[in-house]
1. Counting each DSSP H run of 4 or more residues in the chain as -39500 (n - 2.57), what helix-only mean residue ellipticity at 222 nm follows after dividing by all residues, to the nearest 500 deg cm²/dmol?
2. Listed here are the pairs K40/K281; K92/K266; K260/K283; K260/K281; K3/K43; which of them are more than 22 Å apart at the Cα?
3. Mark the label point 7 Å from the Cα of H218 along Cα→Cβ and return the residues of the stretch 89-129 whose backbone N is within less than 15 Å of it.
4. Round to the nearest 10 and give me the degree value, 0 to 90, for the angle of helix 72-81's Cα axis relative to the longest principal axis of the chain.
5. Near I57, within a Cβ-to-Cβ distance under 13 Å, what is the net charge of the other residues, with Lys and Arg +1 and Asp and Glu -1?
6. For the stretch 18-143, what does the convex hull of the Cα positions come to per residue, in cubic angstrom?
7. With each label point set 7 Å from Cα along the Cα-Cβ vector, what nm distance links K266 and M1?
8. Could you list F136, F42, F124 in order of exposure, starting from the residue whose Cβ has the fewest other Cβ atoms within 10 Å?
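Here, each number is a calculation from the coordinates, and none is a lab measurement. All values derive from a computational prediction rather than experimental measurement. Neighbour counts run over all protein chains shown; Cβ positions are idealised from the backbone, glycine included.
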Amino acid sequence: MKKIINEAVQILRQGGLVAFPTETVYGLGADARNPEALIKLFKAKGRPIDHPVIVHIADSSQLEEWAVEISDTARLLINRFWPGPLTLILKKAPDVLDIVTGGQLTIGLRSPNHPLAIELLKNFGGGIAAPSANRFGRISPTTAEAVIEELNGAVDRVIEGGPCEVGVESTIVDVSGEECLLLRPGMITVAEIEAVLQKPLMPKNQKSPRVSGALETHYAPLTETVLVENMESYVAGLLKEDLVALVTRGDFQTTQLQIKLSNEPKQYAHDLYQVLRELDKKKLKRIAIEMVPLDPSWDAVRDRLLKAASGRIF
Ligand code: TXA
Ligand code: MG
């Protein structure tokens, strides 16, 4: 393992790209202080240049190298949840590169909880800019094989770390202003964060995320994907020859291809992207996913499903 990490550190120092496992999804890493490496990173992903990337750090002792005016609220969250699947948006330090922040005055920082990521960050010493290691808009990779599929050739090294434990991207909380805002739900829930803050975590905006069409397509398979409120009546309307895969939770009688995911949100999140990735290879007409419960424990999964389906709900 020492050799793998040392080689990866050398690649990063030389401005190369290293994909590495985190507890959420695999990241595509570059030296966050090297503009050429960052340009390479954006090109490899096909990502628009004004989209900010998260900087990963080994631990909170490096915070001041990247952020200023770190509030007590931010410290509370860091003490409770780092290392872990929580990204904080903070006011950026003056010398942070524009390409990292998308020209904004804030920076996203996270200290991941994965032994290989921690080892890589410690040995590298600096911050590693790392978006999820997928092509822009596609499904985040949760295995090393998925990274290779996504980025074939555009990455200098992939560190193999097996399947990611969480399976969906980190919770993002903006603590750069007066109010704490939830920018992206994740496995660390609103309730867990509010319990630490002792004040409400506000949604990013008041617009209902369930309005069809108001959503960006993201985390999306290439195959048309829909969310289904009532599987029974949906299936009744399908033709026998329709090549539709059904992603359900409980038991459900059907002659269509059916993938059963867990009734428990953590296990469901762990399996979701890998299942979508496999189904996407089958050249189906459609992937129909059973809607998940409204309970907050499903927020992260529901958010990803709505984006995968571009808000299409039956
Ligand atoms: O779990 C994760 O967060 C994974 C692993 C690799 O750490 N990373 C990840 O990165 O999901 P990415 O780039 O795929 O998603 C990061 C999100 C983007 O939607 C980006 O717009 C947002 O974080 N973001 C980054 N910096 C920001 C900033 N300064 N202000 C607002 N949003 C920011
Ligand atoms: Mg991403």
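1. Values: 10 runs with 95 residues, N = 314.
It comes out at -8500 deg cm²/dmol, rounded to the nearest 500.
2. Values: K40/K281 28 Å; K92/K266 32 Å; K260/K283 19 Å; K260/K281 18 Å; K3/K43 28 Å.
Flagged as over cut-off: K40/K281; K92/K266; K3/K43.
3. 89, 102, 108-109
4. 60
5. -1
6. Details: hull volume 12.0 nm³, N = 126.
Enclosed volume per residue, from the Cα hull, is 95 Å³.
7. 2.2
8. F136, F42, F124
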